[in-house]
Amino acid sequence: MLEYLELLAREAAAVEFEGPLVAARNAGLPPDRLAELEQAKVVALRVRALLERRRRREEELSGLFDTASDLAGLRDVDAVLAAIVHRARTLLGADVAYMTLNDEQHGDTYMRVTDGSISAKFQALRLPMGAGLGGLVAQTGSPYVTANYPEDARFRHTGDIDAGVGEEGLVAILGVPLRLGSRIIGVLYAANRSARPFAREEVSLLVSLAANAAVAIDTARLLGETQAALEELSAANGTIRAHSDSVERAAAAHDRMTALVLRGAGVEDIAEVVTEVLGGALLVLDADGRHQASVGALDAPDASAIAEALAASRTEGRSVRRGPLWLAAVVAGAENLGALVLRPDRPLVDADQRILERAAVVTALLLLFRRTVAEAEGRVRGELLDDVITRPVRDADSLRTRAKRLGVDLDAPNVVVAVGEDALAGGPMNTARQRAMSWAQTYAQTRGGLAAARDGHVVLLLPGEAAGPLARTVARDLGKILGRPVTAGAGGPATGPAGIAAAYRDADRCVIALAALGRAGAGASTAELGFVGLLLGSAPDGRDRDVEAFLGSTIGPVVDYDVRRGTALVKTLEAYFGVGGSLARAAELLHVHVNTVTQRLERIGQLLGADWQKPERALEVQLALRLHRLR
């Protein structure tokens, strides 16, 4: 096992993880030892993949922060655009990244920046408007990706474009629009010289970089316009000064908001900056129109009015005015994240509108970062709970240490609640399970607990001792979220990793027992299920009760006889006890003759012994029949 830790520590390549296993085979180690090494290798590779994903995500966030810093100190737009294109290539692991801008004077598109290109012809391309993949991106305003550009018939191919792409050797291409207001001013690309898919996260990242590139171009344009106005319109000094002040105010606001991003501030801080610069009151809404933050007194507008205004804002890529209010959509690519609603104290000029729009962009970045952090923490907490359940003894001290870092005390009384599969199935992409898991992570974290997906269940570890009430609370609250009945079984209270693992097994069995007892949609603990819970629950020492042994010794011969002969002795026993020992009523229930029931009971007596109907034996047989049905 130590060899795999050393491989992880030095960030070895995946192929090197086969080395210890190959060496073990060559050394002639026994199969069980080889199986342990194989399992250790799989776990180590899984850890390596997780570390690699997190490293890559850190690189992406660092790239976005670096881009934001470049924009904050914008001096040379060429250098900023080159840095953005280079980061796009690096973060996406692409062979080539490049940017084209529209030339309205010539009516075509030209290469603005390339990174990784080796073809002079490709670097000097000028493309007709609407041609190639970039033409489709500019036409629709949406990202497009092709795994094999030369053979993709969705785009209008031209000889020059195909020749340049062919000389560069590009095959897979992703393009996202550079949006400036309601106009598409160009396209940012990432491309590879071999076929490969681009993941949704890579598309979102390139969209974010494109938004920053558009901001850089726009800011450079505003600064250039201001400088030209100062040089050419010296007679209109007052107007120029006002315009310059508005641009400087926009730059200062952008600097402040960028600093807030780097400092890890929240949307409340962005709202305060906007109101300090523009005046008035600001309301921040989430994607469902709910209040997130506000500065000043401002009531939320009518929901239908917000929906119409935000649709217009997303379409135009600008803030829109509705009466005394200005609204800007908070979006990331095609995903709606919320809205900024501003009621200014004075009329807004163009640069002021841009401040509001940039605030919307920064708010989108903050929300994405916050969601990414929350998802990462949720995964960490879920992995901890999964480890507590699956290996409580081997890593007990390590589990306690990890839990302590997350503010969870495994040695305090805890209850494990398992949500039944009946409430989690259905819907596109299994949205019920995703919503349930999201709710469970928030619910558990706010109470100092953990949540994870395990064996088809959503499992929660919650501090406390009242197992039954906690199960009913989870069933009720999650049922409201999902809009359907939720079955929740609880085990515990338990302390320590081993006790929690046993409590999970109790909770899992409790969910199954509730469904078998016709109590789906309810919440309960094993202690509340009477004798069923007593037998299904774990013993005081944490080990499972030997229910199978009880069933085998009590009604095992009858069950085996049914299996071998295809008879219905178990069913006859259930009917017999169910009608209070009446042969006639049992025969009527089974739709057979009374003599048949008598013959079956005689056979049962031969299998179980002559005293099977005595009160003590009869009670045991009835308990065993109930447990057998639950099994």
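Just a few scattered comments:
- When residues of region 559-583 are limited to those that are open to solvent by 40 Å² or more (accessible area, probe 1.4 Å) and at pLDDT below 85, the one nearest to His628 (Cα to Cα): Glu574
- Candidates in region 35-53 are the residues that are surrounded by fewer than 16 Cβ atoms within 10 Å (Cβ to Cβ) and in contact with a helix residue (DSSP H, G or I) (Cβ under 7 Å, 6 or more places away or on another chain); of these, the one that is modelled with the highest pLDDT is Glu38.
- The one condition in (1) in contact with a Leu (Cβ under 6 Å, 6 or more places away or on another chain); (2) acidic (Asp, Glu); (3) free of Cβ contacts under 8 Å to residues at least 24 places away in the same chain that Glu574 fails to fulfil: (3)
Residue-wise test of (1) at pLDDT 70 or above; (2) surrounded by fewer than 22 Cβ atoms within 10 Å (Cβ to Cβ).
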| residue | (1), (2) |
| --- | --- |
| Arg183 | yes, yes |
| Val187 | yes, no |
| Arg200 | yes, yes |
| Leu205 | yes, no |
| Ala220 | yes, yes |
| His243 | no, yes |
| Ala253 | no, no |
| Gly279 | yes, yes |
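- When we screen Thr109, Thr114, Thr140 for residues that are of a type in the set (Val, Ile, Thr), modelled with pLDDT under 90 and open to solvent by less than 60 Å² (accessible area, probe 1.4 Å), the only hit is Thr109.
- Annotation: Arg405 fulfils all but one of (1) surrounded by 13 or more Cβ atoms within 10 Å (Cβ to Cβ); (2) under 27 Å from Val43 (Cβ atoms); (3) modelled with pLDDT under 80; the unmet one is (1).
- Leu133 vs. criteria surrounded by 15 or more Cβ atoms within 10 Å (Cβ to Cβ), more than 17 Å from Ala210 (Cβ to Cβ) and not hydroxyl-bearing (Ser, Thr, Tyr): no
- Of all residues in region 533-558 being β-branched (Val, Ile, Thr) and modelled with pLDDT of 65 or more, the one that is farthest from Gly468 (Cα to Cα): Val558
- Residue that is nearest to the chain's Cα centre (by Cα) [pool: residues in region 441-465 that are at pLDDT 85 or above and open to solvent by 30 Å² or more (accessible area, probe 1.4 Å)]: Pro463
The values are calculated or read from the model by the stated rules, or taken from the named source; none is laboratory data. This structure is a prediction, so every number in the text was calculated from the model and none was measured. Methodologically, a virtual Cβ is constructed for each residue, glycine included, from the backbone with ideal geometry; neighbour enumeration extends over all protein chains shown. All accessible areas refer to the heavy atoms of the entire protein, side chains included, with ligands and DNA or RNA removed. Shrake-Rupley method; radii C 1.70, N 1.55, O 1.52, S 1.80 Å.
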